[in-house]
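Engineer: Got a structure here, written out as structure tokens. Questions coming.
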Amino acid sequence: MASTNGETYMLQRNLDESQRLDAQHEYMRQMSYGHLLHPSIPLHQLHAVADVATGTGRWLQQLAHHPALPPPRSHQQPTFIGFDISDQQFPPPDASSPRLAFELHDMLEPFPTEHHEKFDLVNVRLVSYAIKGADLDRVVRNVIQLLRPGGYLQWQEADASDSWAHPETSAGSSCIDYVIAEKVDRGLLPCIAGPLVKTILSVPVTVPDGQHNIVSWSRDLMRLVHLETVSTYNHPSPAVAAGKKAAIMSAATALLKARLHRKSTELQDSLESDPGVGKLEDEVRAMETTLRAVERWDEESSWDFDLTWIVARKAIVQDTGKGWMPVRRPSP
Ligand SMILES: C[S@@+](CC[C@H](N)C(=O)[O-])C[C@H]1O[C@@H](n2cnc3c(N)ncnc32)[C@H](O)[C@@H]1O
């Protein structure tokens with residue numbers, strides 16, 4: 001297992017958390033109109049798929065069984081690969097999916113060269129609780145390196161600052177404030193979507209067989225990047241409404257617990273050296289009160305948030321004699 005000591009990631013890795021991630025996956029699939037993939041991505045062209053920071057691998061497992069996929073080219077080599085820094089939440093091996101495999105990898109590091117430019121699609125979802133703002137550029141570069149020219153990048157993120165509780169209560173607002181404060185303390189980005197699009201567009205894409213020329217995705221920005229927000233606000237589906245309670249409110253409490261745990265440890269350490277640490281003590285007590293309130297969120301309460309859905313396509317380029325230009329244009 002890769003070392004995850006002192007890591008940036010805010011959530012736990014245990015059975016409860018795996019079940020929560022799976023429930024959250026179903027919820028987000030429903031709010032994405034039932035799609036695992038953005039409808040602009042052609043399923044029938046996907047021979048190789050990477051899911052970076054895969055967690056329990058639920059998204060990848062469901063995609064690997066999708067009936068619209070092309071038949072596997074080889075029965076020897078798995079081509080649907082889930083990567084994660086920890087294997088604690090990986091699913092058990094699945095004999096019914098020989099094309100599926102899970103590998104340990106820290107996305108802050110470049111992927112092994114055998115994976116470079118091998119994937120028709122790279123999926124990333126919900127890593128805003130794991131990547132520091134200062135590391136975003138590194139991660140985006142590593143992920144893009146996996147894509148073959150013409151391949152798709154799909155990235156979905158929810159920002160704490162886009163969330164709100166119904167009915168609005170002081171406990172609900174405090175919970176969001178604590179989660180944002182914890183993100184800031186850990187160097188994470190409170191709102192990742194904007195910086196993410198900017199970073200994707202700034203990464204130079206080298207030509208497939210070429211060496212010296214570099215083409216930016218932004219050359220064909222409007223065609224290469226698609227941005228959509230799906231919101232649970234006033235969503236008509238009863239299943240999505242139910243998920244607001246089950247999946248997303250539990251995410252808020254799990255994230256609040258992360259801050260409470262860190263601040264309580266800090267308090268314990270400080271008490272030993274300085275018994276008069278009143279401010280920190282007050283904060284811990286206030287957080288405990290908030291946690292008790294949000295754990296009691298009743299049947300009438302729900303939780304709304306926006307999911308930013310980014311789809312980008314790695315340029316296929318050719319030398320036109322006047323410079324390198326994208327050739328095969330993505331469908332609108
Ligand atoms: C909130 S979970 C999301 C899991 C999955 N993508 C989903 O949408 O259900 C974030 C995942 O990122 C993984 N992670 C955190 N830091 C990572 C890193 N540096 N490299 C790779 N994975 C990482 C965690 O282990 C966890 O499985």
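Engineer: In this structure, is Arg13 among the charged types (D, E, K, R), part of a loop (DSSP other than H, G, I, E, B), near the ligand (Cβ under 9 Å from one of its atoms) and open to solvent by 10 Å² or more (accessible area, probe 1.4 Å)?
Structural biologist: yes
Engineer: Determine the pairs where a residue that is within 15 Å of Tyr152 (Cβ to Cβ), located within region 41-62, has a partner that is within 7 Å of the ligand (Cβ to nearest atom) and in a helix (DSSP H, G or I) with Cβ atoms under 8 Å apart, the partner being 6 or more residues away or on another chain.
Structural biologist: Final answer for the pair search is Asp51/Trp59; Trp59/His25.
Engineer: Let me ask something additional. Return the total of residues in region 61-80 being open to solvent by less than 30 Å² (accessible area, probe 1.4 Å) and either under 21 Å from Val240 (Cα atoms) or away from the ligand (no atom under 16 Å from the Cβ) (or both).
Structural biologist: Adding up the residues that qualify gives 3.
Engineer: If you don't mind, another one. Please indicate, with yes or no, whether at least one residue in region 41-50 is surrounded by fewer than 18 Cβ atoms within 10 Å (Cβ to Cβ) and near the ligand (Cβ under 8 Å from one of its atoms).
Structural biologist: No, region 41-50 has no match at all.
Engineer: Shifting gears a bit: Is there a residue being touching a strand residue (DSSP E or B) at 6+ places or on another chain (Cβ under 6 Å), of a type outside the set (Asp, Glu) and either open to solvent by less than 80 Å² (accessible area, probe 1.4 Å) or not in a strand (DSSP E or B) (or both) anywhere in region 283-298?
Structural biologist: Taking every residue of region 283-298 in turn, none turns out to be touching a strand residue (DSSP E or B) at 6+ places or on another chain (Cβ under 6 Å), of a type outside the set (Asp, Glu) and either open to solvent by less than 80 Å² (accessible area, probe 1.4 Å) or not in a strand (DSSP E or B) (or both).
Engineer: Another one. Of these, Gln88, Gln30, which one is open to solvent by 60 Å² or more (accessible area, probe 1.4 Å) and either under 27 Å from Gly133 (Cα atoms) or within 12 Å of the ligand (Cβ to nearest atom) (or both)?
Structural biologist: That would be Gln88, the only listed residue that is open to solvent by 60 Å² or more (accessible area, probe 1.4 Å) and either under 27 Å from Gly133 (Cα atoms) or within 12 Å of the ligand (Cβ to nearest atom) (or both).
Engineer: Would you say Glu109 is within 9 Å of the ligand (Cβ to nearest atom), more than 19 Å from Val311 (Cβ to Cβ) and not in a strand (DSSP E or B)?
Structural biologist: Here the answer is yes, as Glu109 does meet what is asked.
Engineer: Also, I was wondering about something else. Within region 154-173, how many residues are farther than 21 Å from Gly187 by Cα, among the aliphatic types (A, V, I, L, M) and within 14 Å of the ligand (Cβ to nearest atom)?
Structural biologist: Here the count works out to 0.
Here's the yes/no breakdown for (1) closer than 30 Å to Ser163 by Cβ; (2) within 10 Å of the ligand (Cβ to nearest atom); (3) open to solvent by 40 Å² or more (accessible area, probe 1.4 Å):
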position: Gly82; (1), (2), (3): yes, yes, no
position: Phe119; (1), (2), (3): no, no, no
position: Ser128; (1), (2), (3): yes, yes, no
position: Val140; (1), (2), (3): yes, no, no
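Engineer: Sticking with this one: When the residues of region 91-102 are filtered to those that are within 19 Å of Phe119 (Cβ to Cβ) and out of contact with any helix residue (DSSP H, G or I) (no Cβ under 9 Å at 6 or more places or on another chain), which remaining residue is farthest from the ligand (Cβ to nearest atom)?
Structural biologist: Applying the filter and picking the extreme gives Pro98.
Engineer: I would also like to ask the following. So, His25, is that one on the phi < 0 side of the Ramachandran plot, at pLDDT 90 or above and more than 12 Å from the ligand (Cβ to nearest atom) or not?
Structural biologist: It is false that His25 is on the phi < 0 side of the Ramachandran plot, at pLDDT 90 or above and more than 12 Å from the ligand (Cβ to nearest atom).
The values are calculated or read from the model by the stated rules, or taken from the named source; none is laboratory data. Since the structure is predicted, the reported quantities are computational estimates derived from the model, not experimental observations. When we count neighbours, we look across all protein chains shown, and the Cβ atoms used for this are built from the backbone with ideal geometry, even at glycine. The area values use the complete protein model at the heavy-atom level, side chains included, leaving out ligands, DNA and RNA. Shrake-Rupley method; radii C 1.70, N 1.55, O 1.52, S 1.80 Å.
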